[in-house]
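Structure, as structure tokens:
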Amino acid sequence: PERHSRARDPAHLAPMAPFANFVTRELAGHRRRVHSVAWNCTGRKLASGSVDQTARVYDVEHGSHSGRDVELKGHSDSVDQVSWDPSSPDRLATVSADKTLRFWDVRAGGRAVATVALTDENINVAWSPDGAQVAVGNRDDVFAFVDAKTHKVTRTTPKFTYQVNDASWNRAGDVFYLTTADGFAEALRFPELMPLHRMKGHTSSVYAMALDPSRDRVAFGGADAMVSVWDTHECVCVSVVDRLQAPVRAVSFSHDGAFLAAAGDDDAVDVSDAESSAAGAFARVASVPVRGGSVSSMRWSPTHHVLAFAGEGGD
């Protein structure tokens, strides 16, 4: 089942312990491991995708769960990633190992409004900042770009020469970031997909990334148990988190850029103060225990200091 941690606004707490009084709540629903979680643009709905072949949408506002959930059925294999339309609070995209991309409008209930057949098992989905298109990456390291209105594939890339683990646009939509199994992240100019920068900050596979919603920073988490934070203008590493002991599979900045969460195969989610650093390292402000194993996905709410994370704890 998914779990999210809720923290009080740091402005109302002691400066040295902004998360001293955090509480956690668990949202049950999936029968097996959860692969992905994502908030809609208003922070009132939380979506998840699972090995049980379903996605779910929870009515969650400020960490309070109303119980009005929607189960999204239609995939015939594991739902590996979910992504909300940044321009709409109700439109969701899901990808699956069943080689399809599905679009949903949660106001219409649990049936997909469109299904796009693709060529291989899909592992990545990212929605462009303007809501106009969706990028889908598969296990063969090929990306398809799909028009979000017509649901037609408008472009398919050649196979990348490296294994791609994650993908995302920047806030402006003119840079497309990829993380790789070779220890670096690639910034590509969009829509040309021409290389701009290569950020080499890890000794092994880079699993996850997070764009700071409030400033020009991107964080990467890797198999080397490191988190690196980069200035996207200067393309230089400006900070690190090096206290985790196991591979980092999920990273996320809070909506205001004040906090950076990192998690993976450790037994806790590490939360850092992302606004100040000593000797290039972010200080820890909280450690949130994880029950039952690793964290595979994690996202801060786009409006509040509420963190959703999920992983092994399915029943």
* **Enumeration of residues in the range 260-284 that are open to solvent by 10 Å² or more (accessible area, probe 1.4 Å) and closer than 24 Å to Ala167 by Cβ** => Asp265
* Structure fact -> Checked the range 154-180 for anything of a type in the set (Lys, Arg) and either outside any strand (DSSP E or B) or surrounded by 15 or more Cβ atoms within 10 Å (Cβ to Cβ) (or both); matches are Lys159, Arg171
* To do: Residues being outside any loop (DSSP other than H, G, I, E, B) and not small (Gly, Ala, Ser): count how many of those fall in the range 121-153.
  => 14
* On the given criteria, is Phe282 modelled with pLDDT under 95, over 26 Å from Lys45 (Cβ atoms) and touching a Ser or Thr at 6+ places or on another chain (Cβ under 6 Å)? -> yes
* Which condition does Gln133 not pass, out of (1) within 19 Å of the chain's Cα centre (by Cα); (2) within 30 Å of Phe22 (Cβ to Cβ), if it passes all the others? -> (2)
* Report whether or not Ser297 is under 30 Å from Thr42 (Cβ atoms), in a strand (DSSP E or B) and in contact with a Ser or Thr (Cβ under 6 Å, 6 or more places away or on another chain). => yes
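Any chance you could count how many residues in the range 189-225 are without any contact (Cβ under 8 Å) to a residue 60 or more places away in the chain and either on the phi > 0 side of the Ramachandran plot or in a loop (DSSP other than H, G, I, E, B) (or both)?
15
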* To do: Inspect all residues belonging to the range 83-98 and state whether any of them is buried (at least 22 other Cβ atoms within 10 Å of the Cβ) and under 21 Å from Gly292 (Cα atoms).
  => no
* Of the residues that sit in the range 233-257 and are more than 17 Å from His202 (Cβ to Cβ) and at pLDDT 95 or above, which one is surrounded by the most Cβ atoms within 10 Å (Cβ to Cβ)? -> Ser252
* Matching option when the condition is among the small types (Gly, Ala, Ser), under 30 Å from Ser294 (Cα atoms) and within 16 Å of the chain's Cα centre (by Cα), among Ala144, Ala181, Ala208 -> Ala208
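The values are calculated or read from the model by the stated rules, or taken from the named source; none is laboratory data. All values reported here derive from a predicted model rather than from experimental measurement. Here Cβ is always computed from backbone atoms with ideal geometry, including for glycine, and neighbour counts include all displayed protein chains. To get the accessible areas, we keep the full protein, side chains included, count just its heavy atoms, and leave off ligands, DNA and RNA. Shrake-Rupley method; radii C 1.70, N 1.55, O 1.52, S 1.80 Å.
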